[in-house]
Amino acid sequence: MSEPDPLNAQLFSARLSPHRSLSQAHFRVLLMAFCACAFVSSLPFLILGAWPVAGFMGLDVALFYWAFRANYRSARAYEDVVVTPLALSVAKVSEEGARREWSWHPAWVRLERRTHEEYGVERLSLVSRGSALEIAGFLGPDAKALFADRLAGALAQARKGPRFS
């Protein structure tokens, strides 16, 4: 049995994706409740002959549905961050599926944090040779801080070099 290659061993690997607190099933329940409320609210206007109000209620439902669909579509974006002893790789995939990749040697990259006293970590950037790449933009301050700590630890470990024994 062969030993794993220490040069390609992953010291850190993370897939970051936007958080959505409402599942698809719960969204359907919410949409049905919203439709029911719109229907019940529009009934008196229909009975009184003010039928355009019912049309605008239907437009509200359509806009509500469209807004949530756009929100779920944006959740398809993600970032992959991988640290090995010889490389730090970042891949950003947009909601449309367009992929952009960056790679650096860990010894030449530093992790910059912009922190606000009250809110915590606001921005994380990987800086190398004068260029910066913002990462983890859609994470909240606490999640950014945790991610930054783990990534900084992996970068420090990568700077020590691979372990052959």
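The values are calculated or read from the model by the stated rules, or taken from the named source; none is laboratory data. Everything numeric in this text was worked out from a predicted model, so none of it was measured. Note that we place each Cβ from the backbone using ideal geometry, even for glycine, and neighbour counts take in every protein chain shown.
General observations
- Candidate set from the range 76-93 (those that are farther than 16 Å from Leu155 by Cβ and of a type in the set (A, V, I, L, M, F, W, C)); member that is surrounded by the fewest Cβ atoms within 10 Å (Cβ to Cβ): Ala91
- Matching residues, the range 129-165, being part of a strand (DSSP E or B) and closer than 19 Å to Phe12 by Cα: Leu133, Glu134, Ile135
- Taken together, the residues in the range 60-109 that are in contact with a helix residue (DSSP H, G or I) (Cβ under 8 Å, 6 or more places away or on another chain), among the charged types (D, E, K, R) and assigned by TED's automatic domain parsing to the domain that holds Val127 amount to 1.
- Annotation: of all residues in the range 19-38 being modelled with pLDDT under 90 and small (Gly, Ala, Ser), the one that is nearest to Gly137 (Cα to Cα) is Ser21.
- Total residues in the range 112-130, condition in contact with a strand residue (DSSP E or B) (Cβ under 9 Å, 6 or more places away or on another chain) and either surrounded by fewer than 18 Cβ atoms within 10 Å (Cβ to Cβ) or not hydrophobic (A, V, I, L, M, F, W, C) (or both): 11
- Of all residues in the range 57-75, those that are free of Cβ contacts under 8 Å to residues at least 24 places away in the same chain and either farther than 21 Å from Phe34 by Cα or surrounded by 13 or more Cβ atoms within 10 Å (Cβ to Cβ) (or both) total 3.
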